[in-house]
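The values are calculated or read from the model by the stated rules, or taken from the named source; none is laboratory data. Given the structure is predicted, the values throughout are model-derived calculations rather than measurements. Cβ placement follows ideal geometry from the backbone for every residue including glycine, while neighbour counts extend to all protein chains displayed.
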Amino acid sequence: MTQSVVVQVGQCGNQVGCRFWDLALREHAHINKKGLYDEALGSFFRNVDSRDCDGGASVVGGRIQHLKARAVLVDMEEGVVNEILQGPLREMFDSTQLLTDVSGSGNNWAVGHMTYGSAYREQIVDKLRKASEHCDCLQCFFLIHSLGGEDDVITSPYNSVLAMRELTEHADCVLPVENQSLVDIVNKIKRMSHDGKPGSVIKSESTVISGQGGLSGAEKPFDAMNNIVANLLLNITSSARFEGSLNMDLNEIAMNLVPFPRLHYLVPSLTPLYTLAVNVPTRRLDQMFSDAFGKDHQLIRAEPKHSLYLACALMVRGNVQVSDLRRNIERLKPSLPFVSWNQEGWKTGLCSVPPVGHSHSLLALANNTCVKPTFMELRERFTKLYRKKAHLHHYLQVEGMEQSLFSEAISSLSSLIEEYHQLDATRGRFMPDAPRLSIAV
Amino acid sequence: MSIVTVQLGQCGNQVGHALFDVLCSDAQEGQRKVFSSSSCERFFHQTAHGDLVARAVLIDMEPKAINQSISRAAKSGKWRYGETSHFSQKQGSGNNWANGYCVHGPRHRERVEELLRREVERCDRLAGLMAIMSVAGGTGSGVGTYVTECLRDVYPKSFILNHLTWPYRTGEVIVQNYNSVLTLAHLYQLSDAILVHENDTVHRICSQLLNIKQISFGDVNSVIAHQLGGILQPALTADSCGVYSRNPLGELVSCLTCHPEYKLLSVSTIPQMPSSSMAYSTFSWPSLLKHLRQMLISNTKMEEGIDWQVRPPAGAERTRTLTGPSFNTSLANLLILRGKDVYSAETGQRTDLRTPNVAFEDPALFTSWLSSEDAVNVWKTPVPFNKYEKCATLVSNSQALLRPLDNMVGKAWNMFASRAYIHQYLKFGISEEDFLDSFTSLEQVISSYNQLR
């Protein structure tokens, strides 16, 4: 089994990361009744013998002594990380895993990337290397971070576009999540909770926004939203950590969902959002599949059904069999437009272990051209500012920053949009099959 | 006399486990000493303590499936896998054939060959090797192809049978058609016979014949194991002179795949029913054989929904126009009959013109350039198989797999035309040229099978 290292960066990244570690512990505690440090636990945690002053990690199979997160926490402000270190999860992080500074980056990508980046590069690489060396077989780095800075910051388009260029060029997969979608989901669940209608009482610890059962006590603001993202991470790694009749490793996700190297932006949908307190018949299972393709469950605001699917992965957890999977794919297929060369572009996984509070769950990851409008809108907001050179000097005055970085970044975004556009243009058009090789008889 | 099995990837290890389970419980059924000892000798090796240890090597690039198979076998209490007969890694092959074939295969070659050698040396006499794998993923397909190459290298005179599970058409894996094309093209050069099960077909058997409501992969694997077991358990052949054949793979290959262009074999088994119905059913050989023959002709893989309208062309003259599009022309067929009164079962020898519709030797079923006498073989044993009083298995080298193969190649070709996912393969060491070679090989196979008509 492989291990993953979580790198949480900035205020948002660390707040989400904090919820992730809490829920990960909760999930493993739920399943791991014997208190043994098993391979599944090992994928995200090291087991340290506290008597061993080297902090050397103990072998899989022994008792759990002291769990340390496989994580690196980075922030140019101390606030959030300090909070974590004073909270119930403090024991999970060594000082060697942290990198902080005091003044923050002022919502300025250039300050973060150039100033702090160059100052701390060596330390960052060092900490990442140490985290990797603790792994027997490292498979994946998960980076959790925001893209634009705070939402209402006027220069957030600059930050987003500059960052996106790096993501397009260097990341294997990007799972974008929009705050507004998270807010909508939280509100929907809260409405259900207060509804009081008979038959619609939900089990509060089962909701995708709940941290109940975890270490942290009272919920802080944004915890609900951040729990959703934490659950996304748990579900995406479930089939790599736990057994099932059709395993899906992380490298399989990258392989099947990325047909062209730069088109690696995947739309996540999570269901169910909650479990009803009363037992429901198995028809609910089919409902779960339908929901995954409904807008209420998407973590970004987009219209996949009106765009083109390049590929789609369904990661199912719980007591679901291959026939349930097949039945639902057959049912949903006709209403989902797939690109001509990938009409049956489904990647599926069945993991036997359900998430806490549910009997089954589904995570859908779609590579769909519906991200194009989002990117176009970003480009528009960027261009509005850039045309007038608004606030540009705040960036250009940072040492190492040049105007060419701006033009290259927007150019990267434009060509990404164009790639999506080319594929979009084939939607609804009849694409004849490529003529086959003919063999001399 | 003994067959060594290599289980590759998740599917290979799950199917392999189901197969050994069926073979063991069938072998230990009732009072059939000669049959039992022949079966055990073929598939198991007995330790000093009397434990039955499967003659198998388990390979995967990721540990979970192997661990599950090993522990399930041990829990059965009837048989187990060898303690050191497995090899696994941690990362998996990421559904990438090139990762399996170019990276994992060579990297672990020595270790795998060592495990195989040990298992082969435990056999008094090696009847041949069988590799069980899927074609959709990365390990079964890629590592499986590489390991088959190694088998061919190290045991050039042995018979190699590849059992392949073809995936559901509407995806389990998005790049499944690429992986399948690359695998089949390579195996065609290496394997003596390629026996295929399609998930879609087996799924239908589970739902329509076995009435299973919520079908799991476990159910699918049980059906595959039953059909495979029906082929591999000991039987009396024309060559074996009254004892159970000591050369089952060799005889299978010489019956069915004597021409290098034609190596694809499909299986049909009759009857298949829920175990709860078996007590209330009676079977007659004429009826079973009649259905099986029509299943062959109309290319239906199960005894429901058989199209009785499809007929072979009448008379000795066979022009192309008389054969309807749904008629399945065969190159060779092997019938394996197990159970009560098996010696009375008539499969249509030349002399028996009274029973035309059980005549498997009817020349109209076969391609014109083979005599139907050579093209049909029958193996029998009075020992019933897997709790069925009578059981008939048909292993067929025919056009049965032509449509699914064509489909698979067509889809892969379409995807290749847009170069989708190709960068994922190129980065592990194969080229576009390699893809083209594989496509060309398979178009050749498709063309050959088309011409059987």
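Observations on the model:
- Per-region count, segment B:57-100, residues modelled with pLDDT of 95 or more, within 24 Å of B:SER2 (Cβ to Cβ) and over 25 Å from the mean Cα position of the chain (by Cα): 1
- Those residues of segment B:409-440 which are more than 15 Å from B:ASN179 (Cβ to Cβ), more than 8 Å from chain A (Cβ to nearest Cβ) and polar (S, T, N, Q), in sequence order: B:SER431
- Residue under evaluation B:ILE224, criteria (1) closer than 15 Å to B:THR393 by Cβ; (2) away from chain A (no Cβ under 14 Å); (3) crowded, with 22+ Cβ neighbours inside 10 Å, criterion not met: (2)
- Odd one out for B:ASN211 among (1) within 11 Å of chain A (Cβ to nearest Cβ); (2) assigned to a loop (DSSP other than H, G, I, E, B); (3) over 25 Å from B:LYS411 (Cβ atoms); (4) not acidic (Asp, Glu): (1)
- Here A:LEU270 passes the criteria (1) touching a residue at least 60 places away in the same chain (Cβ under 8 Å); (2) within 17 Å of the chain's Cα centre (by Cα); (3) within 14 Å of chain B (Cβ to nearest Cβ) except the one numbered (3).
- Every listed requirement among (1) modelled with pLDDT of 80 or more; (2) part of a loop (DSSP other than H, G, I, E, B); (3) touching a strand residue (DSSP E or B) at 6+ places or on another chain (Cβ under 9 Å) is met by B:ARG338 save one, (2).
- The condition of being in a helix (DSSP H, G or I), farther than 24 Å from A:LEU147 by Cα and not aliphatic (A, V, I, L, M) holds for only one of A:GLU91, A:GLU83, that being A:GLU91.
- Residue within segment B:165-177 that is surrounded by fewer than 21 Cβ atoms within 10 Å (Cβ to Cβ), assigned by TED's automatic domain parsing to the domain that holds B:HIS104 and modelled with pLDDT of 95 or more present: no
Residue-wise test of (1) out of contact with any Leu (no Cβ under 6 Å at 6 or more places or on another chain); (2) within 20 Å of A:ILE253 (Cβ to Cβ).
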site	(1), (2)
A:ILE329	yes, yes
A:PHE338	yes, yes
A:CYS351	yes, yes
A:ALA366	yes, yes
A:LYS372	yes, no
A:LEU392	yes, no
A:TYR395	yes, no
A:LEU405	yes, no
A:ALA409	no, no
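- Per-region count, segment B:65-106, residues hydroxyl-bearing (Ser, Thr, Tyr) and over 30 Å from B:HIS49 (Cα atoms): 2
- Considering segment B:1-33, the residues that are more than 23 Å from B:SER134 (Cα to Cα) and either within 14 Å of chain A (Cβ to nearest Cβ) or in contact with a helix residue (DSSP H, G or I) (Cβ under 7 Å, 6 or more places away or on another chain) (or both) include one that is modelled with the highest pLDDT, namely B:SER2.
- Count of segment A:94-118 residues which are modelled with pLDDT under 90 and among the β-branched types (Val, Ile, Thr): 1
- Condition check for B:ILE231: touching a Leu at 6+ places or on another chain (Cβ under 8 Å), in contact (Cβ under 8 Å) with a residue 40 or more places away in the chain and more than 27 Å from B:SER39 (Cα to Cα): no
- Lone qualifier among A:LYS197, A:LYS203, A:LYS220, A:LYS190 - being surrounded by fewer than 22 Cβ atoms within 10 Å (Cβ to Cβ), within 24 Å of A:VAL320 (Cβ to Cβ) and modelled with pLDDT under 90: A:LYS203
- If the condition is being facing another protein chain (nearest Cβ under 7 Å) and not in a strand (DSSP E or B), then segment A:341-358 contributes A:TRP341, A:ASN342, A:GLU344, A:GLY345.
- Segment A:148-174, residues that are surrounded by fewer than 20 Cβ atoms within 10 Å (Cβ to Cβ) and part of a loop (DSSP other than H, G, I, E, B): A:GLU150, A:ASP151, A:ASP152, A:VAL153, A:ILE154, A:ALA171, A:ASP172, A:CYS173
- Number of residues in segment B:406-423 that are under 16 Å from B:THR170 (Cα atoms) and crowded, with 19+ Cβ neighbours inside 10 Å equals 6.
- Count of segment B:214-233 residues, restricted to those that are touching a strand residue (DSSP E or B) at 6+ places or on another chain (Cβ under 7 Å) and not in a helix (DSSP H, G or I), is 1.
- The sole residue among B:VAL120, B:VAL135, B:VAL147 that is away from chain A (no Cβ under 12 Å) and under 19 Å from B:MET415 (Cβ atoms) is B:VAL135.
- Candidates in segment B:149-164 are the residues that are more than 15 Å from the chain's Cα centre (by Cα) and in contact (Cβ under 8 Å) with a residue 40 or more places away in the chain; of these, the one that is surrounded by the most Cβ atoms within 10 Å (Cβ to Cβ) is B:LEU151.
- Hey, B:ARG169 part of a loop (DSSP other than H, G, I, E, B) and within 12 Å of another protein chain (Cβ to nearest Cβ) or not: yes
- Those helices (runs of 4 or more DSSP H) of segment A:231-340 in which at least 1 residues are touching a Lys or Arg at 6+ places or on another chain (Cβ under 8 Å) and crowded, with 23+ Cβ neighbours inside 10 Å, considering only elements entirely within it, cover A:250-257.
- Applying the condition of being small (Gly, Ala, Ser) and out of contact with any Gly (no Cβ under 6 Å at 6 or more places or on another chain) to segment A:225-256 and asking which residue is farthest from the other protein chains (Cβ to nearest Cβ) yields A:ALA230.
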